[in-house]
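Shown next, in structure tokens, is the structure this report addresses.
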Amino acid sequence: MAAVYERDVSGTGRGRVVDVALYESVFSLLEGCLPEFSKLGVVRQPSGSTLPMRRWNCSLTYWLTRSE
């Protein structure tokens, strides 16, 4: 949002570089997993998605997945 604000509101027509660590957002989603496991021994299972998925094996170690 800072880059859009800089571009549109300040009138420069240019955005700005925003450096964000993507792992921080994942940590916030996993915040409850550590206490659940350490205190209760509960391991969360994948909740999955209800979207249809297609998968292709690209090599011995990689898969390509696409939601439809």
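The values are calculated or read from the model by the stated rules, or taken from the named source; none is laboratory data. Just so we're clear, the structure is a prediction, and the values are computed from it rather than from any experiment. Please note: Cβ atoms are built from the backbone with ideal geometry, for glycine as well, and neighbour counts cover all protein chains shown.
For the reader, a short list of remarks on this structure follows.
- Some residue of region 5-12 being at pLDDT below 80, among the acidic types (D, E), surrounded by 10 or more Cβ atoms within 10 Å (Cβ to Cβ) and out of contact with any Asp or Glu (no Cβ under 7 Å at 6 or more places or on another chain): yes
- Conditions (1) in contact (Cβ under 8 Å) with a residue 12 or more places away in the chain; (2) part of a loop (DSSP other than H, G, I, E, B); (3) out of contact with any helix residue (DSSP H, G or I) (no Cβ under 8 Å at 6 or more places or on another chain): number failed by A3: (2)
- The number of residues in region 28-39 that are part of a helix (DSSP H, G or I) and at pLDDT 80 or above comes to 7.
- The combined condition, being modelled with pLDDT of 75 or more and part of a loop (DSSP other than H, G, I, E, B), is fulfilled by V42.
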